[in-house]
Amino acid sequence: MNEVPPDRPIRFGVLGCASIARRRTVPAILREPRTELVAVAARDPARARAFATEFGCDAAPDYLALLARPDIDAVYIPLPTGLHHQWIGRALEAGKHVLVEKPLTTRYAHTVAMLESAAARGLTLMENLTFLRHSLHRTVRDLVDGGEIGELRSVSAAFSFPPLDPADIRYRPELGGGALLDIGVYPLSAAHLFLGPGLEVVGATLKHDATRNVDVSGTALLCTPDGRTAQLTFGFEHAYRCDYVLWGTKGHLVVDRAYTPPPTRHPTISLYHQHRSRTLTLPPEDQFANTLHAFIQSVGTPRSHSPGTRSRARLLSQISETARITR
Ligand SMILES: NC(=O)c1ccc[n+]([C@@H]2O[C@H](COP(=O)([O-])OP(=O)(O)OC[C@H]3O[C@@H](n4cnc5c(N)ncnc54)[C@H](OP(=O)(O)O)[C@@H]3O)[C@@H](O)[C@H]2O)c1
């Protein structure tokens, strides 16, 4: 167990100068008084030095050297998804708490093994699936629980964007690329959030790009034991969409920009009933900062299990195992 005294900040190291680290997570670490950025490592030491200069920290010679530093309590891992398992394992062996990008690993068995390894060592291992930490979705939950749309019958959720740069890690199968793992995890997590862990996959499709050897879009139908359903769409080949719709017996509600709202955006919830509609506008929040707060709290009191992370990983595996592959 790596105990961080409550009177000093959690000292972070970062493995890889990733885009998401630069844009969102590292700025959140720097803004938060209970965390400190100590060092970054990159495959290319010159790249690490440039990043370190930009953010005011040390540059470690490589990933392993960063993990060996005794002045680091926690590591943030924004590596391509296919490398998460290997580097979470090494970080935990080095006694570090871990904040890792979504999805936690590419396989259910690996996710379970890593969560169990962290728990056995008294270390925090958290997936940086930040939208779940935006209070917008708690407000939605409260509206549903308060009967605003009657009994919730179905969820439809979508996240997609147009094709990416051909060199993007999401098109590299050996790095855990593909639309399901990269972006399908969001609508799946929205369905899981509102319909619960009893969800099972009924059917799915994954469109395979033969040139790149990864899935570039997909759909899934899920169902709870009592017949409530979720329909998911995701991919890298549609116009931008990032939303979910909850449909109940008395009305439905729509949340747009549900998964990646910028920290300055006022989120909205649009409520529709047969003869009236209204829109609620909420205060902006930085969901990356919120996730960091949850991480800090967890380092103080590590959890022995993460049922949500496991359950979502199980559903991701079910989709990839049962999907009809289209070309
Ligand atoms: N939470 C969110 O909102 C969010 C948003 C976007 C992405 N993500 C997740 O964050 C992770 C990184 O995504 P990104 O868009 O930031 O990717 P990216 O900019 O391509 O960064 C990936 C980093 O991985 C390192 N790396 C190590 N081995 C590599 C290899 N063989 N090929 C390419 N890069 C390698 C590189 O760092 P060095 O060269 O510096 O070592 C690179 O900077 C993914 O798991 C993704 O799902 C999360």
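The values are calculated or read from the model by the stated rules, or taken from the named source; none is laboratory data. The model shown is predicted, which means the values in this text are computed figures rather than measured ones. With ideal geometry, Cβ positions are generated from the backbone for all residues, glycine too; neighbour counts draw on all protein chains shown. The accessibility values were calculated without ligands, DNA or RNA, using every heavy atom of the protein model including side chains. Shrake-Rupley method; radii C 1.70, N 1.55, O 1.52, S 1.80 Å.
With all protein chains kept in place, the per residue accessible area of region 150-216 amounts to 39 square angstrom at a probe of 1.4 angstrom. Computing FRET efficiency as 1/(1 + (r/R0)^6) for residue 324 and residue 164, where r is the C-beta to C-beta distance and R0 is 22 Å, gives about 0.35. Restricting the calculation to alpha carbons of the chain gives Rg and Dmax of 20.0, 64 angstrom. Scanning the chain for GluC sites (Glu not before Pro) that sit in a DSSP loop and have at most 11 other Cβ atoms within 10 Å, the longest stretch containing none of them is 152-327. Computed per residue of the chain from DSSP H runs no shorter than four, each worth -39500 (n - 2.57), the mean residue ellipticity at 222 nm is -9000 deg cm²/dmol. Shape descriptor for region 95-179: Rg over Rh equals 1.08 (Cα atoms; Rh from the Kirkwood inverse mean 1/r).
Distance between the modelled labels on residue 43 and residue 22, one decimal in nanometres: 1.6 nm (7 Å Cα→Cβ projection). Centre-to-centre separation between the Cα atoms of region 1-39 and those of region 247-290: 30 Å.
The share of alpha-carbon pairs in region 124-226 lying farther apart than 25 Å comes to 33%. Straight Cα distances below 19 angstrom link residue 102 to the aspartates and glutamates 116, 127, 168, 174, 182, 215, 243, 286, with same-chain residues fewer than 8 positions distant left out. Cross-link candidates for residue 250: which lysines have Cα within less than 17 Å, leaving aside residues fewer than 8 places away along the same chain? Qualifying lysines at Cα under 17 Å: none.
Trypsin sites (Lys or Arg not before Pro) within region 15-93: which are DSSP loop residues with at most 13 other Cβ atoms inside 10 Å? When the trypsin sites (Lys or Arg not before Pro) of region 15-93 are filtered for loop state and at most 13 Cβ neighbours within 10 Å, 43 remain. Of the solvent-accessible surface of region 10-128, computed with a 1.4 Å probe and all protein chains present, 51% belongs to carbon and sulfur. Here region 171-327 is treated as an ellipsoid with the same Cα gyration tensor; its semi-axes, largest first and in whole Å, are 26, 22, 18.
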